[in-house]
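Notes follow once the structure below has been shown.
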Amino acid sequence: MIEPRSASERDLYALVEDFFRHRFQTDNPLITEAVRRMLAAGGKRLRPRITLLAAEAMGGNAAEHLALAAYMELIHVATLIHDDVVDGAQTRRGVNATAVDFGNRISVLAGDYLFAWIFKNVTAGYDAPIPHILSSTLAAICDGEVLQLRAMGNLDLPFDDYIEIVEKKTATLFGASAECGAICGGQGPGVRALREFGIHYGIAFQMMDDLLDVTSDEAALGKPVGNDLHERKMTIPLICALKTGDAEFRTRVEEFFDAELDEQAESAAIADLIARMGRTGAFEATHDAIHTYVERAKLALGGLGDSPARNELASLADRLSRNS
């Protein structure tokens, strides 16, 4: 987990955590419990922090927009609950996935209810265009999930198609977080710039997540290493490895994707594929791609002037490069 480092960032992180501990409550106790358990498992809270920093970058007061920031994190939590049902995941953030403790039916309904509860509050508390931005974001996330499902096991997936999936599935919520925070903080060209920052940051963030899946360990990830390979997902390290690797590597991937292995055999096969991926230079190529999108994110901030909030957003982006 990447902890907030500056004094101001720690304050924003604490504000978000305090909001969840003392002010988050739905009308359904079971769903509130399920969501609180997911929140208690941790998380970087990047989306709400970006919302609050964007509001500050536009001249607003972050403390006045905690509810909106919290909704960004809760949208993310709802997507994770659904993801774990679709993927059949057993763990999330080092604890049981919601579906393990509550079952698939309750988990699907909990995610649905949370989406509806968020939008009920957003439409009641915020003027246009914020409700429209968030509804469009949710549609894009669902579209991205479907595109990802259709791309599973497609070893010829073009890089541009991967970027489309990532932008819809992950980056659009970062973009919406920045854009909505900016709208609440003020008006002007900075709103569009902050959305662009969020989109590029989100793409880099997902690339780093892809990379960590094959270079980190289970304790740090909160889920098994190589989980994306287990699920036959096309990630950027795998795409890069297929581009630069030899025919034998491609054959190994094809055989793994087609095989039905027991747990022990699959773990060994995943470890072998990860080692082979590393020898193709795919990890270095992924790092280069992350750096490219980090620089695009920082470039988007260029017209905002020099402010603590703007500098903290740039620092968040820089940390992706340093941790990739």
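Read-outs throughout are calculated quantities, based only on the coordinates presented, and are distinct from any laboratory measurement. These figures come from a predicted structure and were not determined experimentally. Cβ: placed from backbone, ideal geometry, glycine included. Neighbour counts: every protein chain shown.
Things worth noting here:
- More than 17 Å apart - percent of Cα-Cα pairs taken over segment 166-270: 63 percent
- Difference of contour (0.36 nm per residue) and Cα-Cα distance, A268 to S315: 13.1 nm
- The GluC sites (Glu not before Pro) found in segment 218-295 that occupy coil by DSSP, while having at most 10 further C-beta atoms within 10 Å, are E260.
- Percent breakdown of C-alpha pair distances by 5 Å bin, ordered from the shortest bin, for segment 29-119: 3, 14, 24, 22, 16, 10, 7, 4, 1
- Distant alpha-carbon pairs in segment 125-170 (separation over 13 angstrom), percent: 58 percent
- Length-normalised contact order for segment 172-324 - Cα pairs under 8 Å, 6+ apart - percent: 30 percent
- Per residue, the convex hull around the alpha carbon atoms of the chain comes to 122 Å³.
- Translational diffusion coefficient (Stokes-Einstein; Kirkwood radius from C-alpha pairs) of segment 236-317 at 20 °C, 1.002 mPa s, in µm²/s: 140 µm²/s
- Mean separation of Cα contacts under 8 Å (6+ apart) over length of segment 36-167, as relative contact order %: 17 percent
- Considering helices alone, the calculated mean residue ellipticity of the chain at 222 nm is -24500 deg cm²/dmol, with DSSP H runs of length four and up weighted by -39500 (n - 2.57) and normalised per residue.
- Shape call, segment 173-235: gyration tensor on alpha carbons, a/c limit 1.5: prolate
- Full extension of the chain between L155 and N323 gives 57.8 nm of extra length, using 0.36 nm per residue less the Cα-Cα distance.
- Helix 46-57 and the longest principal axis of the C-alpha atoms of the chain enclose an angle of approximately 40°.
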